[in-house]
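Single-structure report; data block below.
Each reported figure results from applying straightforward, stated rules to the coordinates on display, with no laboratory input. Just so it is clear, the structure is predicted and the values come from calculations on it, not from any experiment. Here the Cβ positions follow ideal geometry from the backbone for every residue, glycine too, while neighbour counts run over all protein chains shown.
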Amino acid sequence: MLNKLFSFNGGVKPDPNKSASTREPIARLALPPQLVIPLHQHIGGTPRPLVTVGSTVLGGQRIGAPDGNVSSAVHAPTSGRVVAIEPRPMPHASGLSSPAVVIEPDGLDTAIERELFDWHAAAPGEIRDFLRDAGVVGLGGAVFPSHLKLNPGKSGHTDTLVINGAECEPFITCDDMLMRAEPGNILRGALIMQRMLAAKQVLVALEDNKPEAAAALKSAARALGHASLEVVVVPTRYPAGGAKQLIRVLTGIEVPHGSRSTDFGVQCFNVATALAVWRALEHGEPLTRRIVTVTGNVERPRNFDVAIGTPISHLFAAAGLKPDTDKLIMGGPMMGIPLPNIDAPVVKATNCLLASSPTLFAPPEPELPCIRCGECARACPADLQPFELYWHSRARNFGRAQEYKLFDCIECGCCAYVCPSHIPLVDYYRYAKSEIWARERDKDAADSARERFEFRNWRADREKEEKAAKLAARNAAKPAVKPADGAAPAADVAPSAGEDPKKALIEAAMARARAQKEAVAAKNTDALTPAQQAQIDAAEERRKRASELSGSDAPVK
Amino acid sequence: MYNSPYLRQNTSVRRVMVTVLVAMLPAIAMQVWLFGIGLLLQIAIASATALACEAAMLSLRRRPVARALGDGSALVTAWLIAVCLPPLLPWWMIVIGTSFAIIIGKHLYGGLGQNPFNPAMLAYCVLIISFPALMSQWPGLQGSDAATQLNWVLGGERALDAVTGATPLDALRTGLLGNADVSAVMQSPAFGHVAGAGWEWVALAWGAGGLLLLALRIITWHIPAAFLGAMALVSGVAWLIDPSHYASPAFHLLAGGTMLGAFFIATDPVSGATTPRGKLIFAAGIALIAWLIRAFGAYPDGIAFAVLLLNICVPLIDIKTQPPVFGHKVEPPDGGAR
């Protein structure tokens, strides 16, 4: 069916280091004394807590309701008591806290009665709502709510559904072990996704350094016997597991930055996400557990089946953290984030916990000047010129950095991996991106402030004009009734020959209005306290300034 | 705290520079074998000068001296200067050339990675403009003993005419001006099979070192291929039109600094073009201008001037030849209406 693989430019081949954590099967980790379940674990809105401190929860009970459609529910992994709902440190490089539900398990692990759902008969929209309420999000790392992606869009169909088991980063093996353990259910999940997306073909792709997983998937695929489902083994080259790179390898299509792959007829999910979809729809199981690789500088590297909310320290204790560990990383050695806090919980995005030591990952050597050797450009899978981005980012020349497509950088780290000058290139891009975002925020704020100000002036002008026009219209109607009144002002303006009598009328009307206003104002400004008087003076002053401003540069007419 | 990637390839600027030095050894050995040990002395003088100037400039610029000296870039510059100069120059010329390259050509522009011009070619041009007579004396194959060579380089009596003469490129030009044709001029003893006697073997050794750099991925194929291809093309067209007035492509490929330039000079990453298409344009431009200077100019070889002229064009070439970024190679299927 698929007779040709494509290739992406660049990429690197670091030592995979995957064998250590694949020797033992996945172990189910015992519950910790406390689970810290962050409400916000995905891209999109933060769920509202559905429980209160002191309430008891059951396993699988929803504790956070999705905030709108671009959000996902959060569930209790086990039964117990809610002891706190408060900000807790998150597994994020910033070390910032975010609201979490803290549950003390009661040890009984009583599950809530499962909401069974006949997905075979349900409409696609109902299935999507069900998945949203089951908390199913992308488990490959981006944690984008899956229900939003399970929509074929306007065209009503999809050409290719890609199930990503490439897992290209060194050290990480959670998808590998999952594919070995549950190949059939992963494929069943993929077939549900295929139905929802009306996809013509399903390609389950993995790198050729996972022969056991490939064999397991292939025999499961044969057992299922679907002609449109194929297991594809792709060459091992980091970052072949990047969604865009994998889509390129399988279909030859390059999805540009800022576009969705669905615009090109392709949708891509992680293997663990396919399994989560299967479990949610077939068994009514919400997403409360995931597989986490614990590896690196530990005594017993292994994959664990973990309740979401388990403190990271609990996993490292199980794997035996070695004493010379100098750093903890969530994710792999190429794109992982440094963990500032070992007590932060496992979240839906946690695929790997990597302990680092000076011998495992040597601290970076001193940075030397760039010699423009171009190694980075040869390694870049996005076909960028990384040294130009570095040059312009370093010079704070952010406009040029954007011209060189800074935002197409996927921060895969290949450029820094090959740099002979040991320049932390990705750090420069992160810096440039955050500076550009900060400037855009400032600019947006200034723009909306200016727009508000201009609109206010325009409204004031318009009200003034309307009032004047109304008075003038009334006045214009008057002369027939009161000719004497109308004659006097007419005589006044006659010398300035050729003037529109209407304008004179308007002016007269405005003068009357002013007089009237003064008279009215006088009435309620009698007997003021000094404080009130000061307030009025200040207001008058502001009004004067505003009218000066609007007089000088009011662009709206 | 540092950020991803935590994994780094085992590589360094020092490793790159040392590899370049190693790749220069075949040609250096060949030249010493055929023309005597004068070259080794020149390399020693240039290296000492380069390291001294580098250290002085680094400390004046308040930069860490030891780390930058260890990167090997000054040695590469020094060796390239030594091999592109005539082999029996007095020592002070080598000192002048090398210190100009390091102090003015490199550090006044901001040091490693910042120099717009190839430092070795700057040194060559300064010397050939300042001392044209000394710079056009190249030893022939008949050779001289080591003691005599040392004496010449270190400033003794210079009775060079006995053993040096014009380069084949010079001899060809002079001969053609005297209305001789190419085949007649090439009967002179300065010529070997296709180019300069002996020098053609040194050129082949430069080619061998260059292939080593290619194999070790220090350089890409673009610059040598475009350089040699363009040189063969322009000289070949002229030769086909008028073989009595224009030397053959084989002569141009193996004469003067063609091979050295194609593999070791034009491939300097700092001062050269960086994009794949840019490298092709850059190298072809050097070859074209070098051939024009050889055929119609007044200097024995044109590589150095051609390199400097194209160095000036590098920013423009790079900007105009940016390769398409992933996903931006073709219009999206809906014609970019999004």
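A straight chain from residue A:195 to residue A:228 at 0.36 nm per residue would run longer than the Cα-Cα distance by 10.7 nm.
Classify the stretch A:136-285: rounded, prolate or oblate, from the alpha-carbon gyration tensor (a ≥ b ≥ c, eigenvalue square roots; a/c under 1.5 rounded; otherwise prolate if a/b is larger than b/c)?
Working: a/c = 1.38, a/b = 1.10, b/c = 1.26.
The shape class here is rounded.
Can you tell me which aspartates and glutamates have their Cα less than 14 Å from the Cα of residue A:322? Leave out same-chain residues fewer than eight positions away. Within the straight-line limit of under 14 Å, residue A:322 reaches these aspartates and glutamates: A:299. How large is the dipole of the stretch B:186-327 about the Cα centre if only Lys and Arg carry +1 and Asp and Glu carry -1, each at its Cβ, rounded to the nearest 20 debye? That gives a dipole near 300 debye.
Is the C-alpha gyration tensor of chain B telling us rounded, prolate or oblate? Criteria: a/c under 1.5 is rounded; beyond that, a/b larger than b/c is prolate, otherwise oblate. It comes out oblate by the Cα gyration axes. Round to the nearest 0.05 the FRET efficiency obtained for residue A:502 and residue A:367 when R0 = 56 Å and r is the Cβ-Cβ distance. Efficiency, from the Cβ-Cβ distance: 0.15. Straight-line cross-link reach from residue A:348 at under 18 Å between alpha-carbon atoms covers these lysines, not counting any fewer than eight positions away in the same chain: A:149.
The lysines whose alpha-carbon is closer than 27 Å to the alpha-carbon of residue A:470, local same-chain residues fewer than 8 away aside, are A:478, A:482, A:502, A:503, A:517, A:523, A:544, A:557. Annotation for residue B:21 and residue A:56: the two label points, set 7 Å from Cα along the Cα-Cβ direction, are 7.7 nm apart. Approximating the spin labels as points 7 Å out from Cα along Cα→Cβ, the residue A:218-to-residue A:447 distance works out to 5.4 nm. Helix A:425-477 axis versus longest C-alpha principal axis of chain A: approximately 30°, rounded to the nearest ten. Less than 5 angstrom separates the built amide H of residue A:100 from those of A:39, A:86, A:88, all sequence-distant by 5 or more or on a different chain.
Please state, as a whole number in µm²/s, the translational diffusion coefficient that the Stokes-Einstein equation yields for the protein assembly as shown at 10 °C and 1.306 mPa s, with Rh defined as the Kirkwood radius across alpha carbon pairs.
47
Counted by Cβ distance under 12 Å from residue A:210, the other residues give a net charge of -3, where Lys and Arg count +1 and Asp and Glu count -1.
Prolate is the label for the stretch B:36-165. Its Cα gyration tensor axes, ordered a ≥ b ≥ c, give a/c of at least 1.5 and a/b above b/c.
Can you give the helix-only mean residue ellipticity at 222 nm for chain A, where every DSSP H stretch with n ≥ 4 adds -39500 (n - 2.57) and the sum goes over all residues, rounded to the nearest 500 deg cm²/dmol? Present the calculation step by step, with values, prior to reporting the outcome.
Details: 16 runs with 218 residues, N = 557.
Computed ellipticity for chain A at 222 nm equals -12500 deg cm²/dmol.
Remark: spin-label model distance residue A:30-residue A:257 equals 4.9 nm, labels positioned 7 Å along the Cα→Cβ axis.
Roughly how big is the stretch A:136-285's charge dipole about its Cα centre, with Cβ charges of +1 (Lys, Arg) and -1 (Asp, Glu), in debye to the nearest 20? Display every interim value, and only then the final one.
Numbers: 14 positive and 14 negative charges, 80 e Å.
That gives the stretch A:136-285 a dipole magnitude of about 380 debye.
I'd like the orientation of helix A:183-197 relative to chain A: the angle between its Cα long axis and the longest Cα principal axis, in ° from 0 to 90, rounded to 10. Approximately 30 degrees, to the nearest 10. Using Cβ point charges alone (K and R +1, D and E -1), the dipole size of the protein assembly as shown about the Cα centre works out to roughly 1420 debye. Of all DSSP-defined beta bridges confined to chain A, some 60% are antiparallel rather than parallel.
Taking each full run of DSSP H in chain B as one helix, which ones are at least 18 Å long along their axis (Cα atoms) and have mean Kyte-Doolittle hydropathy of at least 1.0? Walk me through the intermediate numbers first.
Working: long enough: B:13-35 (32 Å, 1.71); B:38-60 (33 Å, 1.70); B:199-215 (24 Å, 1.35); B:222-241 (28 Å, 1.76); B:276-296 (30 Å, 1.32); B:303-320 (24 Å, 2.11).
The qualifying helices are B:13-35, B:38-60, B:199-215, B:222-241, B:276-296, B:303-320.
Our estimate of slack between residue A:5 and residue A:464, defined as 0.36 nm per intervening residue step minus the Cα-Cα distance, is 158.2 nm.
Which entries of A:18/A:405; A:18/B:279; A:210/A:405; B:106/B:320; A:200/A:433; A:154/A:433 show an alpha-carbon separation above 30 angstrom in the structure shown?
Numbers: A:18/A:405 33 Å; A:18/B:279 39 Å; A:210/A:405 34 Å; B:106/B:320 26 Å; A:200/A:433 38 Å; A:154/A:433 33 Å.
Over 30 Å Cα-Cα: A:18/A:405; A:18/B:279; A:210/A:405; A:200/A:433; A:154/A:433.
When only Cα pairs below 8 angstrom with a gap of at least 6 residues are kept, chain A shows a relative contact order of 15 percent. Near residue A:308, the amide H atoms lying under 5 Å from its own belong to A:289, A:290; only residues 5 or more places off or on other chains count, and H is placed 1.01 Å from N.
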